[in-house]
Amino acid sequence: MSEERLILAFDGWTAGLPHYARLVPALRARGYRLMLVHLGSWGHDMDQPVEEERDGVLVRDIRYYGRLSLGAILRQERPAALLFLSTRAFAHQAMIRHARRLDIPTLHLFHGIYCAAPPMMEEVNFEVSPWNDLSLYAGKLYRNLRHIMPRYLGALATTARGTSDWIEFARELKSRLTGGTGAALPSDVRTTAGCVYVKGDIAEMRQYHLPDDRIFAVGNPDFMQFGLQADDLGSRLGLPGNGEIVYIETGLLAYAIRFTSREDYTAHLDGIAAAIGRHGYRLAVKPHPASVRSGLSAAIAKAGYRVYDNTDFVDGLRAASGAMTEPSSAGAVPAMLGLPLFLISCGKLAGRGHGRLFTRYPGSIPVETIERLDGIGADIEKPIDPAAHRAWLDEFAEPLPASAMPDRVADILQGLDRGAIS
């Protein structure tokens, strides 16, 4: 039997490991092994071992390679393909530059539904702790000056095609330092091919300088963890519910966005619960994983709300009267069932908005003021056109089944390795 060929994943830390690990069985079936090289010891993930195996993935911190350059690491490992969950970091762009020079194909795999989020990035709420924020930026500056920029500049020096590459780097650096938005992404973000979860994100991947024939929709693996079945699609269209409205929370407090404490967040929920309670509806909550880790989920349960986790989330939706969502890709789940979906942009979330995934859903109801919920009964009873729902599913849920996502990605990586995608 021939030796397994290497797919090398590259990341800033180990938090993305579940996104890589789900690919292991499909890759192994095609004769590949997966290794993750991460930059944790540069500041994001300081306590990780130099090398370990987790979930079928060989995981190495960058210090495993000592003083080797990023290009030297690629020459030593000589992977069949290089895999990224993001290409916006300078370190990732340095690897892409080295890979191009070494004729190693690269793949950018989106790790969520990007069109679920509002167009503009959200600022951190500095009320949480100015000293923590100062420490955060000081650490980021140190990492960039000590580790990342020397590697990127080294890659640029050995791979630049001319002065235009240096001018583009200067423009990108200025944009980052001044907080510029709206500018086109630099060419360094471009990989050989890109994978998105759903067709609706193809437009998002185009920004990474990829043509449509190198962008592949592979399915949303998040649907797998909720136990969503094919029979669930459109199953709630026109059906009455049990009076429960499931609120999908996005971990804003954990990331210091908009909210300053658990009490601050539960007060936000209390206001919504009171507004719908006047019309005979009750609120339940599906917390973000970050809120489970931070303790907010427990605080929500202590405040008297029913809390759903991944295992019973869809069961709750199968009986509910509707759902509410902050801009979370999990909000696609009640939409797939055909439930009325309230887009929460009121109170402390005023002006935050939602992405195309939600604004194009035919059963969406924008909630920009708490008073808008006075019409909740009529909104829930308003029918959703089945043909419009099917068109939305085609754009924002396909391809299905989601369980085939790892095989689809593995096929694309194999195609890159064999030169079928170039």
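The values are calculated or read from the model by the stated rules, or taken from the named source; none is laboratory data. Source: prediction; values computed, not measured. Note that each Cβ is placed from the backbone with ideal geometry, even for glycine, and that neighbours are counted across all protein chains shown. These accessible areas exclude ligands, DNA and RNA; they are computed on the full protein's heavy atoms, side chains included. Shrake-Rupley method; radii C 1.70, N 1.55, O 1.52, S 1.80 Å.
Of a type in the set (S, T, N, Q), open to solvent by 10 Å² or more (accessible area, probe 1.4 Å) and without any contact (Cβ under 8 Å) to a residue 40 or more places away in the chain: which single residue out of SER328, SER345 fits that description?
Numbers: SER328 fails: without any contact (Cβ under 8 Å) to a residue 40 or more places away in the chain.
It is SER345.
Residues in the stretch 228-236: is at least one part of a helix (DSSP H, G or I) and not small (Gly, Ala, Ser)? Yes, the stretch 228-236 contains a residue that is part of a helix (DSSP H, G or I) and not small (Gly, Ala, Ser). Take the conditions touching a Pro at 6+ places or on another chain (Cβ under 9 Å) and crowded, with 19+ Cβ neighbours inside 10 Å and apply them to LEU296. Does it pass? Yes.
Take the conditions (1) of a type in the set (S, T, N, Q); (2) in contact with a strand residue (DSSP E or B) (Cβ under 7 Å, 6 or more places away or on another chain); (3) within 18 Å of ASP232 (Cα to Cα); SER328 misses just one of them, which is (3). THR260 meets all of the listed conditions (1) farther than 23 Å from PRO221 by Cα; (2) of a type in the set (S, T, N, Q); (3) crowded, with 21+ Cβ neighbours inside 10 Å but one, namely (3). A Cβ distance below 9 Å, combined with a sequence gap of six or more or placement on separate chains, defines the contacts here; from the stretch 97-120, residues that are touching a residue at least 60 places away in the same chain (Cβ under 8 Å) reach residues that are among the aromatic types (Phe, Trp, Tyr) and open to solvent by 10 Å² or more (accessible area, probe 1.4 Å) in the pairs HIS108/TYR208.
For ILE215, are the conditions met, namely being closer than 15 Å to ALA335 by Cβ and either in contact with a helix residue (DSSP H, G or I) (Cβ under 8 Å, 6 or more places away or on another chain) or without any contact (Cβ under 8 Å) to a residue 24 or more places away in the chain (or both)? Quick ask: steps written out before the conclusion?
Working: closer than 15 Å to ALA335 by Cβ: no; either in contact with a helix residue (DSSP H, G or I) (Cβ under 8 Å, 6 or more places away or on another chain) or without any contact (Cβ under 8 Å) to a residue 24 or more places away in the chain (or both): yes.
The answer is no for ILE215.
A quick yes/no check of all residues on (1) under 24 Å from the mean Cα position of the chain (by Cα); (2) open to solvent by less than 70 Å² (accessible area, probe 1.4 Å); (3) of a type outside the set (A, V, I, L, M, F, W, C):
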| site | (1), (2), (3) |
| --- | --- |
| TRP166 | no, no, no |
| GLU172 | yes, yes, yes |
| PRO186 | yes, yes, yes |
| VAL189 | yes, yes, no |
| ALA193 | yes, yes, no |
| VAL196 | yes, yes, no |
| LYS199 | yes, no, yes |
| GLU204 | yes, yes, yes |
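Screening GLY180 on (1) open to solvent by 60 Å² or more (accessible area, probe 1.4 Å); (2) modelled with pLDDT under 85 shows it passes everything except condition (1).
Within the stretch 149-189, how many residues turn out to be more than 15 Å from ALA91 (Cβ to Cβ) and of a type outside the set (A, V, I, L, M)? Talk me through it step by step, then tell me what you get.
Just the residues of the stretch 149-189 that are more than 15 Å from ALA91 (Cβ to Cβ), to begin with: 157-158, 160-168, 170-171, 174-175, 177-185, 187.
If we keep only those that are of a type outside the set (A, V, I, L, M) as well, we get 158, 161-166, 168, 171, 174-175, 178-182, 187.
Residues in the stretch 149-189 being more than 15 Å from ALA91 (Cβ to Cβ) and of a type outside the set (A, V, I, L, M): 17 in total.
For the stretch 233-292, the set of residues classified as hydroxyl-bearing (Ser, Thr, Tyr), modelled with pLDDT of 95 or more and in contact with a Leu (Cβ under 8 Å, 6 or more places away or on another chain) consists of SER235, TYR247, TYR265, listed by residue number. For the stretch 9-61, a tally of residues being under 27 Å from HIS147 (Cα atoms), in contact (Cβ under 8 Å) with a residue 40 or more places away in the chain and part of a helix (DSSP H, G or I) returns 4.
Within the stretch 306-316, restricting attention to residues that are in contact with a Phe, Trp or Tyr (Cβ under 9 Å, 6 or more places away or on another chain) and hydrophobic (A, V, I, L, M, F, W, C), which residue is surrounded by the most Cβ atoms within 10 Å (Cβ to Cβ)?
The extreme case among them is PHE313.
Only residues that are touching a Ser or Thr at 6+ places or on another chain (Cβ under 7 Å) and among the polar types (S, T, N, Q): list them for the stretch 162-204, please. Don't jump to the end; show me each part of the working.
So in the stretch 162-204, the residues touching a Ser or Thr at 6+ places or on another chain (Cβ under 7 Å) come out as 168, 183, 189, 191-192.
THR191, THR192, listed by residue number.
Comparison of ALA284, ALA273, ALA303, ALA267 shows that the only residue that is touching a residue at least 12 places away in the same chain (Cβ under 8 Å) and open to solvent by 50 Å² or more (accessible area, probe 1.4 Å) is ALA303. If a residue has to be at pLDDT 95 or above and outside any helix (DSSP H, G or I) to count, how many in the stretch 87-117 make the cut? Of the residues in that region, 10 qualify.
Within the stretch 30-46, one or more residues are touching a strand residue (DSSP E or B) at 6+ places or on another chain (Cβ under 7 Å), over 21 Å from ARG190 (Cβ atoms) and open to solvent by 70 Å² or more (accessible area, probe 1.4 Å). So for the stretch 351-372 (the condition being in contact (Cβ under 8 Å) with a residue 40 or more places away in the chain, open to solvent by 60 Å² or more (accessible area, probe 1.4 Å) and of a type in the set (Ser, Thr, Tyr)), does at least one residue qualify? No, the stretch 351-372 contains no residue that is in contact (Cβ under 8 Å) with a residue 40 or more places away in the chain, open to solvent by 60 Å² or more (accessible area, probe 1.4 Å) and of a type in the set (Ser, Thr, Tyr). Condition check: outside any strand (DSSP E or B), of a type in the set (Gly, Ala, Ser), closer than 19 Å to ALA117 by Cα and out of contact with any Ser or Thr (no Cβ under 8 Å at 6 or more places or on another chain). Does ALA420 satisfy that? It is false that ALA420 is outside any strand (DSSP E or B), of a type in the set (Gly, Ala, Ser), closer than 19 Å to ALA117 by Cα and out of contact with any Ser or Thr (no Cβ under 8 Å at 6 or more places or on another chain).
Which of the residues belonging to the stretch 250-264 are touching a residue at least 60 places away in the same chain (Cβ under 8 Å) and in contact with a Ser or Thr (Cβ under 6 Å, 6 or more places away or on another chain)? Answer for the stretch 250-264, where residues must be touching a residue at least 60 places away in the same chain (Cβ under 8 Å) and in contact with a Ser or Thr (Cβ under 6 Å, 6 or more places away or on another chain): just THR250.
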